[in-house]
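Participant: Before we start, here is the structure in question, set down as structure tokens.
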Amino acid sequence: MVSKKLKPVIRKINPWQSLAVMPKSMWAVSFATFINRAGSMFLTFLAIYLTKYQGYSIEYAGYVLAAYGIGSLAAGPVVGKLADRFGNLPLMKLSLLLSAGVLFLFPFFDEFWMIIVLTTVLSWVSEGFRPANLALISDIVRPEDRKIAFALNRLAINLGFSIGPLLGGFLIIFDYHWIFIFDGLTSLLAVAFLFMTSLSKEEKERRSATQSITTEVVPKTSPFKDRRLIYYVLALSPVYIVFFSQLSTVSLYVVNELGLPEPFIGVLFLVNTMMVIFLEVPINSALSEWDDRKLLSVGGILTGIGFGLFAFSTTVPTLIICMVILTFGEMIFSPASANYLAELAPSSAKGMYMGFLQLVFNISLFIGPAAGAFMMEGFGSKMMWIACFILSMIGVALMWRLKKNHELVMASE
């Protein structure tokens, strides 16, 4: 067993060594997440499936995608509350099982209203996996190792997502319906793996130990009445909105404004993915002693700088530099945002608190790309990139007012 005094030294010499302290249950959760995300190709090919295979218009495809977004907004806090009541692991299993069931139904229906219903239900049950997953990690990993655990979880997600669309591209050669079947099968494979683990016992023991420490010092209150949580959610939102704006703005800027070929869009996002896969865990291991407030601020600043510099970037090297800077911001910001919330949440309500993080995530995904495209169309790309920088700095200013973790957990305002 490595002593606490030696941990920082080892992490500086070999940051990947920090993964050795992860419990077996954390590896099980990460592997199940990877399996599930490796089959996640539904959203990637949904618009093409509706327009090319089913013959619907782009407008109708937009309605279906909007239905998914609206359904996902309701999932976070609601499923988080259910996870607190029935356990995180059972909710993760149920989410995967129901997702598989809904996906298997898609090939049997081509009526527009039924596709809307299935898409809405799928968004609700599939997006419910994330808050339960984050809450489970909070329960089974020691507080000092949580940031690294959240980084490992993001590594599993990004590895899976890098494989899913590639597999989907081959499957649609044979039949578009294979997208739904394969996605459903990977959900079943992930839940089968979770059934073979002993996570429930470990989760219960860790939660009981945490509750015995915090029950008397953390008052029971509804998350909706926790001003610290509401403030934190508002502080996170500007940076996450900027993060997700890149889904529309980067491609529009690169192709429409600069006239670069479409494949370069893939190159930019490949830079982002490869950095997350190979650097996020070592970075968070090396910075594990930093306070979350400092990490959130540094991550937000780098995000703002990366997006802001796009306003002055017109060549391939400078565009890649912008993507590198904002990706460093993402890698520092995202694990810290989950860890800060894990520290803030009472042990009996971690699921619901993580549900609020999922809510921020989904709202930002809903607003960011649309707002970015609207600003680019109405005010020009340079003003849009500058607005991204300003919005990120607003988020940083709000987060800098946050109190330190132990003060947030031990005191209620």
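The values are calculated or read from the model by the stated rules, or taken from the named source; none is laboratory data. A quick note: this is a predicted structure, and the numbers were derived from the prediction, not measured. A quick note on method: Cβ atoms are made from the backbone with ideal geometry, for glycine too, and the neighbour counts reach across all protein chains shown.
Participant: Of everything in the stretch 171-205, what is crowded, with 18+ Cβ neighbours inside 10 Å, at pLDDT 60 or above and of a type in the set (D, E, K, R)? Give them in sequence order.
Facilitator: D183
Participant: Another question about this same structure. Can you name every residue in the stretch 251-304 that is buried (at least 20 other Cβ atoms within 10 Å of the Cβ) and among the acidic types (D, E)?
Facilitator: E280, D292, listed by residue number.
Participant: Assess whether L391 counts as being at pLDDT 85 or above, within 21 Å of L296 (Cβ to Cβ), aliphatic (A, V, I, L, M) and in contact with a Ser or Thr (Cβ under 8 Å, 6 or more places away or on another chain).
Facilitator: On the way: at pLDDT 85 or above: yes; within 21 Å of L296 (Cβ to Cβ): yes; aliphatic (A, V, I, L, M): yes; in contact with a Ser or Thr (Cβ under 8 Å, 6 or more places away or on another chain): no.
Taking the combined requirement at face value, the residue does not satisfy it.
Participant: Check S285, S248, S237 and return the single one that is in the same structural domain as R401 (by TED's automatic domain parsing) and modelled with pLDDT of 90 or more.
Facilitator: Numbers: S285 fails: modelled with pLDDT of 90 or more; S248 fails: modelled with pLDDT of 90 or more.
Result: S237 is the single residue among S285, S248, S237 that is in the same structural domain as R401 (by TED's automatic domain parsing) and modelled with pLDDT of 90 or more.
Participant: Which members of the stretch 102-130 meet the condition of being touching a Gly at 6+ places or on another chain (Cβ under 6 Å) and at pLDDT 90 or above? Even if it seems obvious, please write down each step before you answer.
Facilitator: Looking only at the stretch 102-130, we keep the residues that are touching a Gly at 6+ places or on another chain (Cβ under 6 Å), and these are 103-104, 120, 123-124.
Hits for the stretch 102-130 are L103, F104, T120.
Participant: Please count how many residues of the stretch 39-56 are touching a residue at least 40 places away in the same chain (Cβ under 8 Å) and not in a helix (DSSP H, G or I).
Facilitator: The total comes to 5.
Participant: Hey, which of the helices (runs of 4 or more DSSP H) in the stretch 104-191, taking only ones fully inside, have at least 2 residues that are of a type in the set (A, V, I, L, M, F, W, C), closer than 30 Å to E289 by Cβ and touching a Phe, Trp or Tyr at 6+ places or on another chain (Cβ under 9 Å)?
Facilitator: Passing ranges, in order: 129-140, 146-174.
Participant: Consider the stretch 332-349. How many of its residues are more than 16 Å from I137 (Cβ to Cβ), touching a residue at least 60 places away in the same chain (Cβ under 8 Å) and buried (at least 23 other Cβ atoms within 10 Å of the Cβ)?
Facilitator: From the stretch 332-349, those more than 16 Å from I137 (Cβ to Cβ) are 332-333, 346, 348; that's our starting set.
Narrowing the set further to residues that are touching a residue at least 60 places away in the same chain (Cβ under 8 Å) leaves 333, 346, 348.
Next, only the ones that are buried (at least 23 other Cβ atoms within 10 Å of the Cβ) stay: 333.
Counting residues in the stretch 332-349 that are more than 16 Å from I137 (Cβ to Cβ), touching a residue at least 60 places away in the same chain (Cβ under 8 Å) and buried (at least 23 other Cβ atoms within 10 Å of the Cβ) gives 1.
Participant: Now a separate question. All but one of (1) within 19 Å of the chain's Cα centre (by Cα); (2) surrounded by fewer than 20 Cβ atoms within 10 Å (Cβ to Cβ) hold for M352, so report the exception by its number.
Facilitator: For M352, the exception is condition (2).
Participant: Scanning for something among the small types (G, A, S), out of contact with any helix residue (DSSP H, G or I) (no Cβ under 8 Å at 6 or more places or on another chain) and more than 21 Å from L365 (Cα to Cα), does the stretch 140-150 turn up at least one residue? Don't jump to the end; show me each part of the working.
Facilitator: Looking only at the stretch 140-150, we keep the residues that are among the small types (G, A, S), and these are 149.
Keeping just the survivors that are out of contact with any helix residue (DSSP H, G or I) (no Cβ under 8 Å at 6 or more places or on another chain) gives none.
No, because not a single residue in the stretch 140-150 is among the small types (G, A, S), out of contact with any helix residue (DSSP H, G or I) (no Cβ under 8 Å at 6 or more places or on another chain) and more than 21 Å from L365 (Cα to Cα).
Participant: Looking at M376, is it buried (at least 21 other Cβ atoms within 10 Å of the Cβ), closer than 20 Å to L236 by Cα and not charged (D, E, K, R)?
Facilitator: Numbers: buried (at least 21 other Cβ atoms within 10 Å of the Cβ): yes; closer than 20 Å to L236 by Cα: no; not charged (D, E, K, R): yes.
For M376, the condition - buried (at least 21 other Cβ atoms within 10 Å of the Cβ), closer than 20 Å to L236 by Cα and not charged (D, E, K, R) - is not met.
Participant: So if I check each of V271, V239, which one is within 19 Å of F161 (Cβ to Cβ) and touching a residue at least 40 places away in the same chain (Cβ under 8 Å)? If you could, list the steps in order and put the result at the bottom.
Facilitator: Details: V239 fails: within 19 Å of F161 (Cβ to Cβ).
The conditions single out V271.
Participant: On the basis of being within 16 Å of the chain's Cα centre (by Cα) and either closer than 18 Å to L194 by Cβ or charged (D, E, K, R) (or both), does R130 make the cut? Outline the logic, then answer.
Facilitator: Working: within 16 Å of the chain's Cα centre (by Cα): yes; either closer than 18 Å to L194 by Cβ or charged (D, E, K, R) (or both): yes.
Spelling it out, R130 is indeed within 16 Å of the chain's Cα centre (by Cα) and either closer than 18 Å to L194 by Cβ or charged (D, E, K, R) (or both).
Participant: Return yes when F86 is among the aromatic types (F, W, Y), closer than 16 Å to F42 by Cβ and either at pLDDT 95 or above or surrounded by fewer than 17 Cβ atoms within 10 Å (Cβ to Cβ) (or both) and no when it is not.
Facilitator: Values: among the aromatic types (F, W, Y): yes; closer than 16 Å to F42 by Cβ: no; either at pLDDT 95 or above or surrounded by fewer than 17 Cβ atoms within 10 Å (Cβ to Cβ) (or both): yes.
No, not satisfied.
Participant: Can I ask one more? Checking the structure you have, find out if any residue of the stretch 377-386 is at negative phi and within 21 Å of the chain's Cα centre (by Cα). Give the derivation first.
Facilitator: Taking the stretch 377-386 as the starting set, the residues that turn out to be at negative phi are 377-379, 381-386.
Restricting the remaining residues to those that are within 21 Å of the chain's Cα centre (by Cα) gives none.
No - not one qualifying residue is present in the stretch 377-386.
Participant: Need the failing condition index for S162 against (1) modelled with pLDDT of 85 or more; (2) farther than 23 Å from V64 by Cβ, just the number.
Facilitator: (1)
Participant: If you don't mind, another one. Against the conditions (1) touching a helix residue (DSSP H, G or I) at 6+ places or on another chain (Cβ under 9 Å); (2) modelled with pLDDT under 90, where does G329 fall short? Just the number, please.
Facilitator: Every condition holds for G329 apart from (2).
Participant: Could you tell me which numbered condition E59 fails, if it satisfies all but one of (1) without any contact (Cβ under 8 Å) to a residue 40 or more places away in the chain; (2) within 24 Å of G39 (Cβ to Cβ); (3) surrounded by fewer than 16 Cβ atoms within 10 Å (Cβ to Cβ)?
Facilitator: That leaves (2) as the condition not met.
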